Amino acid sequence: MTDFNLKFTSSPSENTRTYKLLELPPELLKEIESQGEQIPSSWSIKGQTTEDAVLCTANKTYALRSVVLSNSVLVVTPPMNNSEGNPDTDVVIRDELHEILELVPCVPKLQGLRGMLRGRVYDEGHEDEDEDMDEDVEGNENENSQEQVRKQAKKRKFTYADAREMLQSSDGELSEGLKQRRILILPGGELRPISHSLLTTILELLLNFVVQFSLPHDAASVADLTTAIEESQDIRRQVTTQVMEWFGDISKEGGKWKMDVEGIVKEVGIGILRSYKDDPIPEDEFLTKWRTAVGDSFESVASLPLLSGNYLSFPSPISFPPIPVLAYFPASELPSDPAARFNDLFLTRPRWKADEISPFLLDICVNNKERDKLLLKFARAITDSEGVWYTARAKYNG
Amino acid sequence: MIIPIHLPTPGSSSSNTLPPQFAQFGTDEVVLIELQGSLEVEGDKANQRVGKLSIDSTTKKSTLLIGHNLLEGKLVNLPKPLAVLHRNSSKYSSEQLENMDEDVEMDSKTKSEQKGWDVATVVRRKMVFAKRPMPMVGHAAPGAVVSSVEKAN
């Protein structure tokens, strides 16, 4: 038996509320334990005063929850100095806690990006009818760069640092989110989503030049392509390079680009389809357009399944015999709440085939099992001679 | 708003360590003591003695004598390890600096450059005093000036 004196700290006001207990999931424990073996990583707690705080590691986001304890936990340490006690016989209570913090993995909250970047679409000299471009149409860079600089200085820029500060997301997830949303990081860290037309133009040019220069698809020279595109269309190298990163990988050492052929062909297809939202295009006509746009070498990749979740196919009501027509219908613009999404889908069409509806559910469920669960909950299955149809389970009013 | 949390780097631990008997109940820097109810103090509690904490290293049992109340404690392994976070505001550090030893001062100076919270250590065990206190008659602990109020349940 050894006896010790349990004491209060000599400076309670400075010590109370300076300790917290944080429950560690296994992967975070590992990160702490492996400190020093690799580059030191840092965590941070993020959130505006109105939001629930989250904890971000380098590439993951966790929701922070406070769990209240009915017991109290004393944080006991050795005395800080001789006046506080004798380190051999005294131990000191630093703080008394009544809660611990729990971490639950959560998805990064990047939805805010859309609103923050509204009206900041990046376009170089191309008009884009899809977007509200009043103040954003920029002139040719070389001709009136002076004016452009003044214009940009007037308007408050929204930068990567701002996004990092405001969004509850880890750095890794933020970068990935920017990539997926096709948002450019311009000099000075300014964030601007690329316009649809400029993106399509760059991708078509990339495909053309890769063929024209006979570059290998898995190791195309970044310098050659960006220079060629800058010379022919006056599109900044930086912009082209970022687009190349979205659609493939750029090797760090050699400046070689491994292109994602399917990704590019798909994006070009969506680009063409985008103008046929309310005015459907016959399937054959669309495929011809698409194949022309991607060029001879890649036309074999262009096939409709690549675009699943982005179009609706139905027989044309005005021609006889009916020919299949396509209309642009992107899953990404549907509501993310399952109930609202099913409501939207059944407003668009009263009944769906199983394989027709599933592409539009892909992005709101993690696997097929969860998709079937959603179908069971929000749709009614009817089997007839043509197979299984799904119809609305109930009429939602609002 | 971003509040940084600094992970411990090897070798950055403070020079002060708990007596070796405590290590098995937590770490050599921090021990968590769980009580049913809480310590209630009237008046200034700064530097006051709470009670006598006895540790038996072989049986891994501990007792806490507060006034006439004797508590029995045991070692409990935490289901999930806990990181002990410590706030590191510059205000706190500068005030602490004045009454600190030379070596501790250096340590705290370097820390105060980075605001936020530090992961002081990771604990996997705690000392739990779960039972109701036993009255100790005629065994008054000398110097016990604080009284403890235990929740009756």
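The table below gives the values:
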| item | result |
| --- | --- |
| Gyration tensor verdict on region A:334-398 (Cα atoms; rounded if a/c is under 1.5, prolate if a/b is larger than b/c, oblate otherwise) | oblate |
| Rounded to 10°, Cα long-axis angle of helix A:283-294 versus longest principal axis of chain A | 70 |
| Given B:K52/B:K74; A:K60/A:K179; B:K74/B:K131; A:K60/A:K252; A:K109/A:K369; A:K109/A:K179, the pairs whose alpha carbons are separated by over 19 Å | A:K60/A:K252; A:K109/A:K369 |
| Ranked order, A:E231, A:E176, A:E124 - accessible area, probe 1.4 Å, largest first | A:E231, A:E176, A:E124 |
| Surface share of carbon and sulfur [accessible, 1.4 angstrom probe, percent] for region A:334-398 | 52 |
| Cα gyration tensor, region A:21-105 - rounded (a/c under 1.5), prolate or oblate | oblate |
| Heavy-atom accessible surface that A and B bury in contact, both chains counted, 1.4 Å, Å² to 100 | 5700 |
| Residue order for A:D52, B:D28 - accessible surface, 1.4 angstrom probe, largest first | A:D52, B:D28 |
| Accessible solvent surface per residue of region A:334-398, calculated while the other protein chains remain in place, 1.4 angstrom probe, Å² | 64 |
| Nearest-10 value in Å² for the accessible area of B:H6, using the 1.4 Å probe | 40 |
| Stokes-Einstein diffusion coefficient of region A:196-259, Kirkwood radius over Cα pairs, 10 °C, 1.306 mPa s, in µm²/s | 139 |
| Qualifying trypsin sites (Lys or Arg not before Pro) for region B:10-79 [loop in DSSP, other Cβ within 10 Å: at most 15] | B:K60 |
| At least 40 Å² accessible surface lost relative to isolated chain, residues of region A:78-120 (1.4 Å probe) | A:P78, A:M80, A:N81, A:V91, A:E96 |
| Carbon/sulfur fraction of accessible area - region A:5-106, other protein chains in place, 1.4 Å, % | 51 |
| In nm, spacing of pseudo-spin labels at A:T227 and A:F314 (7 Å Cα→C-beta vector) | 5.2 |
| Computed [θ] at 222 nm, helices only, for chain A once each DSSP H run of length n ≥ 4 contributes -39500 (n - 2.57) | -9500 deg cm²/dmol |
| For region A:5-106: accessible area per residue (Å², 1.4 Å) | 44 |
| Crossing angle, helix A:368-378 versus chain A [Cα axis fit, 0-90 degrees, rounded to tens] | 80 |
| Residue order for A:T383, A:T240 - accessible surface, 1.4 angstrom probe, largest first | A:T383, A:T240 |
| Sites A:D384 and A:A63 - FRET efficiency at Förster radius 51 Å, r taken between beta-carbons, to 0.05 | 0.70 |
| A:E253-B:I2 FRET efficiency (beta carbon distance; Förster radius 30 Å; 0.05 resolution) | 0.35 |
| Positive minus negative residues near A:W290 (Lys, Arg vs Asp, Glu; Cβ under 14 Å) | -4 |
| Low-density loop positions, GluC sites (Glu not before Pro), region A:1-98 - DSSP coil, at most 11 other Cβ in 10 Å | A:E37 |
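The values are calculated or read from the model by the stated rules, or taken from the named source; none is laboratory data. Since this is a predicted model, take the numbers as computed values, not measurements. All Cβ positions, glycine included, derive from the backbone under ideal geometry; neighbour counts span all protein chains shown. Keep in mind that these areas ignore ligands, DNA and RNA; they rest on the heavy atoms of the full protein, side chains included. Shrake-Rupley method; radii C 1.70, N 1.55, O 1.52, S 1.80 Å.
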